[in-house]
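All of the numbers you see were taken from the coordinates with simple rules; none came from a lab. Quick caveat, the model's predicted, so the values are computed rather than measured. Here the Cβ is made from the backbone with ideal geometry for all residues, glycine too, and neighbour counts use every protein chain on show.
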Amino acid sequence: MIERKLYGCISGAAVGEAMGAATATWTTDMIRAAHGGYLTTLQKPPVSTKCKGRFAAGQPGDAFTFSWQLLGRFVADGEIHGEHAAAEELLTWGADPDHLDSAGYVTRESYCALAGIDTGYRYPFLTFDHHKISNEAAARTAAVAVFYPGDCETACQKAIMVYKNIYNNMVSLSGAGAMAAAISEALRESATCHSVLAAAVHGARRGYDIADSYRAQPAACPLVSRRIELAIEIGLKYQNDFDRAIAEIEACVGNSSAANESVPAVFGCLAATGGSAAALTMAVNLGNDTDMMGAMAGALVGALDPEALSPADIQLVSAVGSYDFATMAANIARQMQG
């Protein structure tokens, strides 16, 4: 069972990001107008989206390609140890111009800093640049959490340790904690949507505290944990009204790349749909940062119920990127067994 759930989580993250790439930066109204309703299939992104139309249908972007590289590193190492693995892999990953061109703002800035590349950064005088409270750590957290099914605390601690040298602020790392705990819980055989939502709130709080213990940079903005609670409340209130749930989550929680908007929004989608495949549909139609929300929602939906994902979608993403999801899941499961 665990191997199947691992397969669902990893492939779900890839499918979700690839699906969301076709709508990234658009409004919900634009999405519905372009597709005659909500987007439910893998499509080639147009030039007006984040990837500038360069991706093929079924091609995930920077969150999954970097996560896939990290998964390979952790499997090869036999464990997740040391706090510099992600930074080391980022240098290798970012050396590919295609990867760097599609990278999120913080990922790109971190790569350039590690590689000694001057980006002409304009805000070195700030105590903290609030452009950096991104969801990029959270969208990559599945690469860590899959090794700790049912162990939310260790998943949180490892996720923060792995990503703190790239996404070094308490908001981003709180978002990573929320996703780490939620994925860890979703991988449990007896997990429910309710238990995953509870784990997310706890993980956001733990992520914040763990980040603080590492002296991560603070940020003057709303807490991820409180925004998750708000998103869950909205999702449950409009559980039988897909259109209203999308509208209220976007209006009250947000859908930007900020970790205290899009990470909570994903859990609002989960609450509104009971953790079904409709959560992924909602996330990629919520507007704005739909590829990252798709990656997070896909990982959670696939971990909760691998059968909820479309086999045809998984097959297409696997073929486009030459991803062997089954072998990766088997290798991780074998590593757990020692």
Of 206-213, 311-318, 262-269, ordering from highest average Cβ density within 10 Å down gives 262-269, 206-213, 311-318
Non-local residues with an amide H under 5 Å from the amide H of ALA57, with H modelled 1.01 Å from N and Pro and chain starts lacking one, are LYS44
For the stretch 1-131, averaging the sequence separation of alpha carbon pairs under 8 Å that lie six or more residues apart and dividing by its residue count, the contact order in percent is 18
With only helices counted (DSSP H, runs n ≥ 4, each -39500 (n - 2.57)), the per-residue ellipticity at 222 nm for the chain, to the nearest 500, works out to -19500 deg cm²/dmol
Listed by chain and number, the lysines with an alpha carbon less than 19 angstrom from that of LYS52, same-chain partners under 8 positions apart left out, are LYS44
With the 8 Å Cα cutoff and a minimum separation of six or more residues, the chain has a relative contact order in percent of 28
Residues other than ALA22 with Cβ under 14 Å of its Cβ, Lys/Arg counted +1 and Asp/Glu -1, net out at +1
In this structure, the FRET efficiency calculated for ARG54 and THR25 from their beta-carbon separation, with R0 = 22 Å, to the nearest 0.05, is 0.95
Checked against the structure, the computed semi-axes √(5λ) of the Cα gyration tensor in Å among [x] 44, 20, 17; [y] 72, 28, 13; [z] 25, 23, 21 is the one labelled [z]
In a Gaussian network model of the chain with springs linking alpha carbons closer than 10 Å, the residue among ILE246, ILE31, ILE117 that fluctuates most is ILE117
Extension length gain for ASP243 and GLN315 (0.36 nm per residue less Cα distance), in nm, is 23.0 nm
Packing-ranked peptide list from 197-204, 33-40, 174-181, highest mean Cβ count within 10 angstrom first, is 174-181, 197-204, 33-40
With the dipole of the chain defined by +1 on each Lys or Arg Cβ and -1 on each Asp or Glu Cβ, the option from ALA103, ALA330, ALA186 whose Cα lies farthest towards the positive pole is ALA103
To the nearest 20 debye, the chain has a Cα-centred charge dipole, built from +1 on Lys and Arg Cβ and -1 on Asp and Glu Cβ, of 200
